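Trainee: Quick one: the structure is below, questions incoming.
What follows is calculated from the coordinates using simple rules that are stated; it is not laboratory data. Everything numeric here is computed off the predicted structure, so don't read it as measured data. As a convention, Cβ positions derive from the backbone with ideal geometry for all residues, glycine included, and neighbour counts pool all protein chains shown.
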Amino acid sequence: MVDQPQFKDGVTPGSSGTPGGAYWHWAIDKAKKYGLDMSGGIDKFPDVIYGHRLLYWAEKQGGWQIQHDLSGRIFKAFYSDCVFLGPENLARLAGEAGLDADAALAYMRSDTDTAKVKDEARRYSQGGVSGVPNFIINGKPAFSGSQEPRTFASAIVSA
């Protein structure tokens with residue numbers, strides 16, 4: 001969807017090759033075990049380039065801590081609260097994370113960093129990243145998706 005302008009306003013689930021609904025419902029119980037609410041649904045899938053660009057911008061504006069806070073807010077908005085992640089809602093979330101919401105919206109409405117973020121996404125995809133979260137330890141792909149704590153410990157010790 002990243003390079004297809006017709007999807008900028010989102011895609012209805014079950015159309016254009018998207019899942020018929022919330023594809024993460026298999027993980028609800030596992031997530032709940034770790035205190036995460038993933039029980040939300042969706043009306044349409046967003047064009048993910050907005051979120052990726054915003055997170056890139058957030059790190060440049062406020063550092064990794066702000067970026068991390070914003071990524072958590074984006075996760076909760078989408079997976080728990082059924083919020084469509086278009087530019088306006090993402091800008092609001094950026095404001096809640098301590099960034100300038102108006103500047104965030106202006107950034108997303110521009111083309112600034114779009115090519116750079118898309119190129120980075122392509123490089124990661126070519127390197128084997130196929131989903132989020134994805135974990136790279138000591139520069140090598142480790143695993144993708146939610147994992148038990150012992151999986152992390154084992155991967156770190158083995159690295």
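Trainee: Please go through segment 135-148 and pick out each residue that is under 16 Å from residue 27 (Cα atoms) and touching a strand residue (DSSP E or B) at 6+ places or on another chain (Cβ under 9 Å).
Mentor: Taking segment 135-148 first, the residues under 16 Å from residue 27 (Cα atoms) are 144-148.
Matches in segment 135-148: 144, 145, 147.
Trainee: Sticking with this structure for a sec: So if I check each of 105, 99, 93, which one is in a loop (DSSP other than H, G, I, E, B) and in contact (Cβ under 8 Å) with a residue 12 or more places away in the chain?
Mentor: Exactly one of 105, 99, 93 is in a loop (DSSP other than H, G, I, E, B) and in contact (Cβ under 8 Å) with a residue 12 or more places away in the chain, namely 99.
Trainee: When residues of segment 118-159 are filtered for being among the polar types (S, T, N, Q) and in contact with a Gly (Cβ under 9 Å, 6 or more places away or on another chain), how many remain?
Mentor: Of the residues in segment 118-159, 2 are among the polar types (S, T, N, Q) and in contact with a Gly (Cβ under 9 Å, 6 or more places away or on another chain).
Trainee: Go through (1) buried (at least 18 other Cβ atoms within 10 Å of the Cβ); (2) among the charged types (D, E, K, R); (3) within 27 Å of residue 28 (Cβ to Cβ) one by one and return the number of the condition residue 92 breaks.
Mentor: (1)
Trainee: If you don't mind, there's one more thing I want to ask. Does residue 42 satisfy the criteria of being β-branched (Val, Ile, Thr) and surrounded by fewer than 20 Cβ atoms within 10 Å (Cβ to Cβ)?
Mentor: Criteria not met by residue 42.
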